Amino acid sequence: MPSDWTFVSVDMELTNQCGSECLMCPRDAITRSKGLMSKEVFKTVSDKLIREGSLITFSGMGDPLSHPKAFEWIADIRKKSGDVGIVINPASLTEKISQRLIESRPNSITISFPSIQKEVFEKLCPTISFEDA
């Protein structure tokens, strides 16, 4: 590996909205407005990060899969030979969503699963069934 080689990984928050009310999430303490990333912001930031060879990971204070362009934007990054990962809430993984996620071809998928102990999981994520997750 060359001495000037640098690897950069950037978390990109597509949205700070989420339907779950997980106790460990600080989203409710955020004072900035809630919303969705615009197409223009996505294109500007992602094109620069792809040119620089960065790993882009969709994550943040919201559920990236709740953004209506998430799958399209994953596929767009991959078509441009960029690397993209996604951190998701297990409550989002319906059969249809799972299939769309596979088809968009992210490099990595991380499922946010705060505990393998049912009682702890359901205490931390009271709106998500452990069995469904």
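One table, with the values for the structure above:
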{"quantity": "Solvent-accessible ranking of Met37, Met12, largest area first, probe 1.4 Å", "calculated": "Met37, Met12"}
{"quantity": "Total lysine pairs whose alpha carbons fall under 19 Å of each other in the chain (8 or more apart, or interchain)", "calculated": "14"}
{"quantity": "Solvent-accessible heavy-atom area per residue, rounded to whole Å², over the chain at 1.4 Å", "calculated": "62"}
{"quantity": "Long-range amide H partners of Ile86 with built H, under 5 Å", "calculated": "Phe58, Ser108, Ile109, Thr110"}
{"quantity": "Region 1-128: relative contact order as a whole-number percent, Cα under 8 Å and 6+ apart", "calculated": "29"}
{"quantity": "Accessible surface of the chain, 1.4 Å probe, proportion on carbon and sulfur as whole %", "calculated": "53"}
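The values are calculated or read from the model by the stated rules, or taken from the named source; none is laboratory data. Everything numeric here is computed off the predicted structure, so don't read it as measured data. To get the accessible areas, we keep the full protein, side chains included, count just its heavy atoms, and leave off ligands, DNA and RNA. Shrake-Rupley method; radii C 1.70, N 1.55, O 1.52, S 1.80 Å.
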